[in-house]
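The values are calculated or read from the model by the stated rules, or taken from the named source; none is laboratory data. Given the structure is predicted, the values throughout are model-derived calculations rather than measurements. Backbone-built Cβ (ideal geometry, glycine too); neighbour counts: all protein chains shown. Each accessible area value is taken on the protein alone, full model and side chains, heavy atoms only, with ligands, DNA and RNA left out. Shrake-Rupley method; radii C 1.70, N 1.55, O 1.52, S 1.80 Å.
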Amino acid sequence: TTEIYTLSLHALFRSPRLFKGTLNAGIDAHGPRSGPTVQGFLKLDDGQLALAADARVYHDIKIDVAMQNGVITLRDAEGKVQDGSVKASGQAKLAGLTPQSVDLKAVAHKFPIPTGTFGAWLDATVTVHGAETEDGMSGTVVVEKGTVNLPKLETGKKLQPTGPLEDVKFVNAKAKHEAAEKAKAAKEPATAEL
């Protein structure tokens with residue numbers, strides 16, 4: 001499942017139909033290839049993105065990333081689509097160019113979810129923590145708050161009750177035993193002990 005999801009994301013992001021904004025970046029890399037020292041920044045302002053597989057246009061995209069002393073800091077990443085927004089920040093620590101740890105927090109507000117014929121949106125706060133292990137990266141994803149808001153679906157029909165039916169009598173062994181216990185309890189006087 002993970003492989004299919006990864007491939008579909010790759011297909012989604014490799015063919016944008018619109019990408020524009022103001023990009024400023026500066027990178028300084030020096031030292032050996034095995035362990036270079038990299039410092040710099042990347043800022044994107046007033047960005048817009050539209051993907052071939054999605055009719056929506058993501059706008060007001062901002063990205064502010066700084067890298068210094070083996071630490072990549074995502075100061076701000078945000079964007080809007082329709083009435084919704086998403087905002088993220090975080091940090092990654094590197095050894096050379098290999099990630100050692102990652103901490104990220106993202107907040108979505110009224111972020112629309114494509115569901116076909118009706119609209120839904122997501123309000124969520126998610127934190128991600130990852131660390132380098134012998135087997136690669138390992139970590140946790142915590143959904144601190146998560147709400148999917150679905151529109152009210154009106155069918156025009158009144159729902160029928162789902163409780164016990166008055167005109168149905170069960171006659172199996174369990175029902176007979178419960179009826180006998182109920183009759184026995186009804187004959188015994190009520191007692192109270194203080």
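General observations
- Number of the exception - G90 against (1) free of Cβ contacts under 8 Å to residues at least 12 places away in the same chain; (2) open to solvent by less than 80 Å² (accessible area, probe 1.4 Å): (1)
- Considering residues of segment 56-74 that are hydrophobic (A, V, I, L, M, F, W, C) and open to solvent by less than 30 Å² (accessible area, probe 1.4 Å) only, the residue nearest to K20 (Cα to Cα): I61
- If you go through segment 61-86 and keep only what is touching a residue at least 24 places away in the same chain (Cβ under 8 Å) and within 21 Å of L122 (Cβ to Cβ), you end up with I61, L74, G79, V81, Q82, D83, G84, S85, V86.
- Filtered residue count, segment 31-63, keeping only those that are over 16 Å from P112 (Cα atoms), hydroxyl-bearing (S, T, Y) and part of a strand (DSSP E or B): 1
- Residue in segment 43-55 that is in contact with a Gly (Cβ under 9 Å, 6 or more places away or on another chain), without any contact (Cβ under 8 Å) to a residue 24 or more places away in the chain, farther than 19 Å from W121 by Cβ and open to solvent by 60 Å² or more (accessible area, probe 1.4 Å) present: no
- Filter pass, L159 being hydrophobic (A, V, I, L, M, F, W, C), surrounded by 10 or more Cβ atoms within 10 Å (Cβ to Cβ) and at pLDDT below 90: no
- Among the residues of this structure, A77 does not count as one that is of a type in the set (A, V, I, L, M, F, W, C), open to solvent by less than 60 Å² (accessible area, probe 1.4 Å), modelled with pLDDT of 85 or more and over 26 Å from G119 (Cα atoms).
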